[in-house]
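J.: Structure incoming, see below.
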Amino acid sequence: MQVHHLNCGTMTPLLVGRLVCHVLLCESDDGLVLVDTGFGLADCADHARVGPARLLLNARFAESETAARQVEALGYARSDVRHIVVTHFDLDHVGGLSDFPDATVHTTAVEFDAANRPPTRAERRRYRKVQWSHGPKVRTYSGGGEPWQGFAVAYPVEGVGGMSIVPMNGHTRGHALVAVDAGARGWLLHAGDAVFDRGSIAIGADSADDRANRRTIRLFEQAVGQDRSTIASNHARLAEVRASGSATVIPAHDPVIFDRAVADQS
């Protein structure tokens, strides 16, 4: 399937520099499919909807960056988006759900349960239920599954060929990767927030400033991880995937990876 790389939310946290919300827009035989949404139109209209985290993230909230406006700029209607597959329900990944009210949202059952009934104080702070208060149709996945590229469990996305949800908890308790068959370009593995810094999966930095930013973002990754004990092993597993060439790993917020992807698609 053809895949468009969209930045659906520029953020510039203190001491970190530019981050993106890397969203995939996939043209499938089953209609348009989004992998994550970034921030949405309602977030741009009312920044308080995102909560206090907006101050830490220093989010730009540009309407032109929303998935809704970028889908329209490509000549599609928002109603053409039939499915949204989310890595997890953090505020910078699902803010655009309400812009596509007729789309089916796909996620792990563990993540959807945690987002709606957060079991800890930290999890109650991280999720913003207003972002899905429009009541989308949600398809959740749990149990069973099938192996994929060395992962023990993956769930083919119902109604979408060539796409699977691959559980990788840690950043949140129901976090998942999303595998996309991009045809001649091979498999893309949207890693969500399972890795923040490309250096953690053996993609080098280019400057001293870049290396300093990487150290800061690694500290941030530790601070916001739900289960910090899994971070190192998740990085190692994703580094193996990258080294094997079985898939191109896409961290959700790395601006260099995003810029390279955009350049490659043009």
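J.: Test of understanding: among 182, 176, 115, which residue is surrounded by 15 or more Cβ atoms within 10 Å (Cβ to Cβ), modelled with pLDDT under 95 and hydrophobic (A, V, I, L, M, F, W, C)?
T.: 182
J.: Given the criteria closer than 28 Å to residue 41 by Cα and in contact with a helix residue (DSSP H, G or I) (Cβ under 8 Å, 6 or more places away or on another chain), does residue 190 qualify? Show your work before the answer.
T.: Working: closer than 28 Å to residue 41 by Cα: yes; in contact with a helix residue (DSSP H, G or I) (Cβ under 8 Å, 6 or more places away or on another chain): no.
Criteria not met by residue 190.
J.: For region 27-83, name all the residues that are assigned to a loop (DSSP other than H, G, I, E, B), free of Cβ contacts under 8 Å to residues at least 12 places away in the same chain and within 28 Å of residue 179 (Cα to Cα).
T.: At the first step, the residues of region 27-83 found to be assigned to a loop (DSSP other than H, G, I, E, B) are 29-30, 36-37, 39-40, 46, 51-52, 58, 60-62, 66, 74-77.
Of the ones still in play, those that are also free of Cβ contacts under 8 Å to residues at least 12 places away in the same chain are 46, 52, 75, 77.
Across region 27-83, the qualifying residues are 75, 77.
J.: Return the pair list, or none, for Cβ contacts closer than 6 Å from residues in region 131-149 that are surrounded by fewer than 16 Cβ atoms within 10 Å (Cβ to Cβ) to residues that are not in a strand (DSSP E or B), at least 6 apart or on different chains.
T.: Filtered contacts from region 131-149: 134/98; 134/101; 142/109; 149/246.
J.: A further question on this structure: In region 150-188, which residue that is in a helix (DSSP H, G or I) and either under 15 Å from the mean Cα position of the chain (by Cα) or in contact (Cβ under 8 Å) with a residue 12 or more places away in the chain (or both) is nearest to residue 100 (Cα to Cα)? Write out each step before concluding.
T.: Just the residues of region 150-188 that are in a helix (DSSP H, G or I), to begin with: 183-185.
Now drop any that are not either under 15 Å from the mean Cα position of the chain (by Cα) or in contact (Cβ under 8 Å) with a residue 12 or more places away in the chain (or both), which leaves 183, 185.
Working: 183: 26, 185: 28 Å.
Looking at the filtered set, the residue picked out is 183.
J.: Let me spell it out: the conditions are (1) surrounded by fewer than 23 Cβ atoms within 10 Å (Cβ to Cβ); (2) more than 22 Å from residue 33 (Cα to Cα); (3) in contact with a strand residue (DSSP E or B) (Cβ under 8 Å, 6 or more places away or on another chain), and residue 48 meets all of them except one. Which number is the exception?
T.: Result: residue 48 fails condition (3) only.
J.: Follow-up question, since we're still on this one. When the residues of region 19-45 are narrowed to those that are at pLDDT 95 or above and small (Gly, Ala, Ser), which ends up surrounded by the fewest Cβ atoms within 10 Å (Cβ to Cβ)?
T.: In this case the residue turns out to be 45.
J.: Of the residues 121, 78, only one is surrounded by fewer than 21 Cβ atoms within 10 Å (Cβ to Cβ), at pLDDT 95 or above and among the basic types (Lys, Arg); which?
T.: Numbers: 121 fails: at pLDDT 95 or above.
So the residue among 121, 78 that is surrounded by fewer than 21 Cβ atoms within 10 Å (Cβ to Cβ), at pLDDT 95 or above and among the basic types (Lys, Arg) is 78.
J.: Here are 138, 157, 178: which of them is within 19 Å of residue 230 (Cβ to Cβ) and of a type in the set (A, V, I, L, M)? Lay out the reasoning, then the answer.
T.: Details: 138 fails: within 19 Å of residue 230 (Cβ to Cβ); 157 fails: within 19 Å of residue 230 (Cβ to Cβ).
Sole residue among the options that is within 19 Å of residue 230 (Cβ to Cβ) and of a type in the set (A, V, I, L, M): 178.
J.: Among the residues of region 91-105, which ones are crowded, with 23+ Cβ neighbours inside 10 Å and closer than 16 Å to residue 193 by Cα?
T.: Answer for region 91-105, where residues must be crowded, with 23+ Cβ neighbours inside 10 Å and closer than 16 Å to residue 193 by Cα: 92, 93, 94, 95.
The values are calculated or read from the model by the stated rules, or taken from the named source; none is laboratory data. Owing to the predicted nature of the structure, the values given are computational and were not obtained by experimental measurement. Glycine gets a Cβ as well: all are built from the backbone with ideal geometry, and neighbour counts include every protein chain shown.
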